[in-house]
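Written out below as structure tokens is the structure these notes cover.
Please treat every number below as a calculation from the coordinates, not as lab data. Being a predicted model, the structure only gives us computed values, none of them experimental. Please note: Cβ atoms are built from the backbone with ideal geometry, for glycine as well, and neighbour counts cover all protein chains shown.
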Amino acid sequence: MLKIEGLNVFYGAIQALSNVSLTVNQGEVVSIIGSNGAGKSTLLRSISGLVRPRSGCLEFEGTDLIGVSADKIVRMGISQSPEGRRIFTNMSVLENLQLGACTRKDDEIKADMDKFMDRFPRVRERLHQNSGTMSGGEQQMLAICRALMARPRLLLLDEPSMGLAPNLVTEIFSVVKDLHAEGVTILLVEQNAHRALEVADRAYVLETGKIVLEGAGKDLLHDPKVKEAYLGG
Ligand SMILES: Nc1ncnc2c1ncn2[C@@H]1O[C@H](COP(=O)(O)OP(=O)(O)OP(=O)(O)O)[C@@H](O)[C@H]1O
Ligand SMILES: [Mg+2]
């Protein structure tokens, strides 16, 4: 579904991604783990068309994504829940959800909204509240719902569990599992390596812009190098 080959991304003189190659097959959950500054967000932002790579190949369902505008990429079936949530804090929860669906023309928008609010009842309770007044965890749930409102075939999640209480982290990962079961393809970036590997069909380890390890999520969970560097020994 997604094919990335030899991707190089720079911010000025800083090289954030170096010769990154990876694939995501339809229906998979693929996790990327890595430390601060490894280039995880840069990778997702490149797929979403928010950062333009200097070189390399980036294809979604056989179509070249490089140079395609971010809104077109959403229309092609990719949406992102960005790091730090980035909800529109001057708008209501409902308006944020409606914006998530702004590229759609079908008549199932309301039904989808109901479905996601069943999953996150707190979002329904706060529907007419200014989203900026919600707690961090509530904003994270809204950011995920907003991304889902685009009805993506490929969902990009950037650190969805960041800053959440343990019970909410469990909830977020159980949503990932449910979406997986429904057939949504997910590329997940996480610092919570344990959870990210547990939920993943396959995973990649990114270190200072380079993929250093890849394998089945379950195998990486038991890899000595991964254990030492990312799972607390
Ligand atoms: N807009 C930018 N301008 C300059 N450098 C940037 C910019 N965005 C990111 N970088 C640099 O690129 C590198 C990769 O950053 P990126 O945000 O992709 O890392 P990350 O793996 O998502 O880290 P974190 O886990 O902290 O979110 C870092 O060294 C960062 O300082
Ligand atoms: Mg990041």
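Amide H contacts under 5 Å for Val29: Ile186, Asp201, Arg202, restricted to partners 5 or more places along the chain or on a different chain, H placed in the peptide plane at 1.01 Å from N. Label-to-label distance for Ala181 and Phe88 is 3.3 nm, based on points extended 7 Å past Cα in the beta-carbon direction. Projecting the Cα positions of Ser161, Cys57, Tyr11 onto the charge dipole of the chain (unit charges on Cβ atoms of Lys, Arg, Asp and Glu, taken about the Cα centre) puts Tyr11 furthest along the positive direction.
If only the Cβ of Lys and Arg carry +1 and only the Cβ of Asp and Glu carry -1, the dipole of region 132-233 around its Cα centre is close to 180 debye. Close amide H partners of Ile66, meaning residues 5 or more places away or on another chain with modelled amide H under 5 Å apart, are Leu58. Beyond 24 Å in Cα-Cα separation lie the following of the pairs Lys40/Lys227; Lys72/Lys177; Lys115/Lys177: Lys72/Lys177. Values of log10 I(q)/I(0) for region 85-151 across q = 0.17, 0.22, 0.28 Å⁻¹ run -0.48, -0.82, -1.31, by the Debye formula with one identical scatterer at each alpha carbon and no solvent. Here the Debye sum runs over all C-alpha atoms of region 142-206 as equal scatterers in vacuum, and log10 of I(q)/I(0) at q = 0.25 Å⁻¹ comes out as -1.26.
3J(HN,Hα) couplings calculated from phi for region 108-117 with the Karplus curve 6.51 cos²θ - 1.76 cosθ + 1.60 (θ = phi - 60°) are, in sequence order, 10, 5, 5, 5, 5, 4, 4, 4, 6, 6 Hz; Gly and Pro show x.
Listed peptides 88-101, 118-131, 146-159 appear in the order 146-159, 88-101, 118-131 once ranked by packing, highest mean of other Cβ atoms within 10 Å at the front. Extending 7 Å from Cα along the Cβ direction at Lys227 and again at Lys210 yields two label points whose distance is 2.5 nm.
Using all pairs of distinct alpha-carbon atoms, the Kirkwood hydrodynamic radius of the chain works out to 17.9 angstrom. Counted over region 54-119 with a bin width of 5 Å, the fraction of Cα pairs per bin, in whole percents, is 3, 13, 20, 21, 20, 11, 8, 4, 1.
With r defined as the distance between the Cβ atoms of Leu127 and Arg75 and R0 fixed at 35 Å, what FRET efficiency is calculated, to the nearest 0.05?
Once the sixth-power term is evaluated, E becomes 0.85.
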